[in-house]
Amino acid sequence: MHRQLLKRRYLLAIVFVLFITAGPIAAQSIPERISDEQFWKLSTEFSEPDGTFRSVNLLSNEIFFQYVIPDLLKTAKTERAYLGVGPEQNFTYIAALKPKIVFIVDIRRGNLDLHLMYKALFELSANRAEFVSRLFSRPLPDGISEQSTAADIFKAFAGVERSQPLYDETLGTIKRQLVANHGFALSGDDWASIESAVDALSTFGPKINYLSTGTDSYGGGRLPSYADLMTATDDEGVPHSYLNTEDGFRLMKDLETRDLIVPVIGDFAGPKAIRAIGSYVRDRGTTVSTFYFSNVEMYLDREMTWGSFCRNVAALPLDAKSLFIRSAFDGQYGKGSGLNSDVGPLIRHIDQCFPSQQ
């Protein structure tokens with residue numbers, strides 16, 4: 001398919017916010033570091049009750065998610081707030097956008113637990129090779145350097161078998177990091193969720209995909225593995241994965257270490273999560289740079305709660321540079337490569353929330 005045609009039909013579309021929301025003069029700013037107590041308070045107090053989704057979503061199925069990054073880099077402002085949903089694809093957007101603070105909002109508590117697992121692994125790992133080793137319970141192979149690309153790293157790990165001692169060690173260090181070092185009040189269910197995620201990543205390794213845990217059904221073609229997602233590129237063949245360079249990894253590690261990536265449980269149409277984040281960001285004189293919401297609009301439309309989501313979005317501090325990244329599936333993408341992503345309708349643009357602004 002011609003590159004320009006593919007780009008027009010690509011599953012991720014950047015949507016510009018066509019209005020400016022005003023806010024009060026900030027009495028404070030986004031801190032350079034959030035304390036463990038404040039991190040847990042934000043995550044807990046901003047959260048809504050645990051919800052349900054059709055799958056556990058340990059990783060994305062959006063193989064073309066990097067296609068919008070060149071346009072993001074041209075338009076989006078750095079040093080602002082980033083909002084997102086879901087698992088690891090957020091890390092690549094964060095590495096590109098370099099925000100001051102991040103909130104990951106998802107309807108499932110399991111996604112919060114998954115991000116706590118990632119937090120511990122980023123903090124514990126000195127570099128990408130150590131991180132991938134811990135993430136999949138695979139011993140470090142030879143030949144990986146600071147100059148290695150994501151493709152180099154996953155090629156090196158491709159033939160490495162799972163290590164039970166490394167799995168046991170990783171699980172123990174994650175728990176010590178989150179509970180003993182940070183003092184987070186994990187429940188038994190939280191820990192069971194984290195252990196389940198570590199077990200799945202260890203069992204399937206870099207070949208794990210969206211359906212590996214068997215919690216959903218999918219009628220399309222072969223889904224991308226974790227390795228596929230990390231070695232993907234934009235439509236010009238340029239890789240942007242958070243694991244493609246040490247700089248991208250270090251940015252993620254730095255934000256995680258300073259407690260500035262906060263997972264929150266929330267329904268996009270719910271009464272509290274998005275509004276609480278909006279108030280926090282506005283009160284600290286910051287604007288939302290980017291809001292990645294994947295294909296959540298499909299479910300909002302199905303549940304007829306789009307209007308509630310629009311009202312929540314209107315409560316965010318936004319300006320003319322604020323961007324939304326949305327999944328716009330038509331079932332055509334990736335067929336030539338044998339990699340399909342989730343399929344759903346292109347419903348509406350975010351600016352339809354605000355018809356009076358047209």
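Taking 7 Å along the Cα-to-C-beta vector as the label spot, tell me the L140-D50 distance in nanometres, rounded to one decimal.
Calculated label separation equals 3.6 nm.
For labels at D319 and T149 in the simple 7 Å Cα→Cβ model, what's the distance in nm?
3.7
Subtract the Cα-Cα distance of E169 and V238 from 0.36 nm times their separation in residues, and report this length gain in nm to one decimal. Could you put the intermediate results ahead of the total?
Numbers: separation 69, 0.36 × 69 = 24.84 nm, distance 3.56 nm.
Between E169 and V238, full extension yields an extra 21.3 nm.
With all protein chains present, how much of the accessible area of the stretch 133-224 (probe radius 1.4 Å) comes from carbon and sulfur, to the nearest whole percent?
49
Work out the FRET efficiency for D36 and D189 from their Cβ-Cβ distance, taking R0 = 25 Å, and round it to the nearest 0.05. Write down the numbers at each step before the final one.
On the way: r = 21 Å, r/R0 = 0.83.
Step by step, r from the Cβ atoms, then E = 0.75.
Put +1 on the Cβ of every Lys and Arg and -1 on every Asp and Glu Cβ in the stretch 119-233; which of A150, F204, Q177 then has its Cα farthest towards the positive end of the dipole?
After comparing all options, I get A150.
What figure in square angstrom, to the nearest 10, would you give for the accessible area of L171 with a 1.4 Å probe?
L171 has an accessible surface of roughly 20 Å² with all protein chains in place.
With an 8 Å Cα cut-off and a minimum separation of 6 or more residues, compute the relative contact order for the stretch 63-187 in percent.
17
Give the residue list of GluC sites (Glu not before Pro) in the stretch 80-146 that are DSSP loop and have at most 15 other beta-carbon atoms within 10 angstrom.
Details: sites: E88, E123, E130, E146; in loops: E88, E146.
Here the sparse-neighbourhood loop sites are E146.
Counting only the backbone N, which residues of the stretch 91-129 are under 12 Å from the spot 7 Å out from the Cα of A200 toward its beta-carbon?
Flagged as within label range: 110-115.
Over the stretch 270-313, with the other protein chains present, what is the accessible area per residue in square angstrom, probe 1.4 angstrom?
Roughly 36 Å² per residue, with all protein chains present.
Enter the Cα centre distance for the pair the stretch 169-206 and the stretch 33-69, rounded to the nearest angstrom.
Using only Cα atoms, the two centres lie 16 Å from each other.
Among the lysines, which have Cα under 19 Å from the Cα of K253 when same-chain residues fewer than 8 positions away are ignored?
K98, K100, K119, K175
Please state, rounded to one decimal and in Å, the Kirkwood hydrodynamic radius that the stretch 25-119 gives when every pair of distinct Cα atoms enters the mean of 1/r. Please report the intermediate quantities before stating the final value.
Numbers: mean 1/r = 0.0665 Å⁻¹.
Roughly 15.0 Å, rounded to one decimal.
The values are calculated or read from the model by the stated rules, or taken from the named source; none is laboratory data. Bear in mind the structure is a predicted one, so any value in this text is a computation, not a measurement. Positions of Cβ are generated from backbone atoms using ideal geometry, with glycine treated the same way; all protein chains shown enter the neighbour counts. When the accessible area is computed, the model is the full protein with side chains, heavy atoms only, and any ligands, DNA or RNA have been set aside. Shrake-Rupley method; radii C 1.70, N 1.55, O 1.52, S 1.80 Å.
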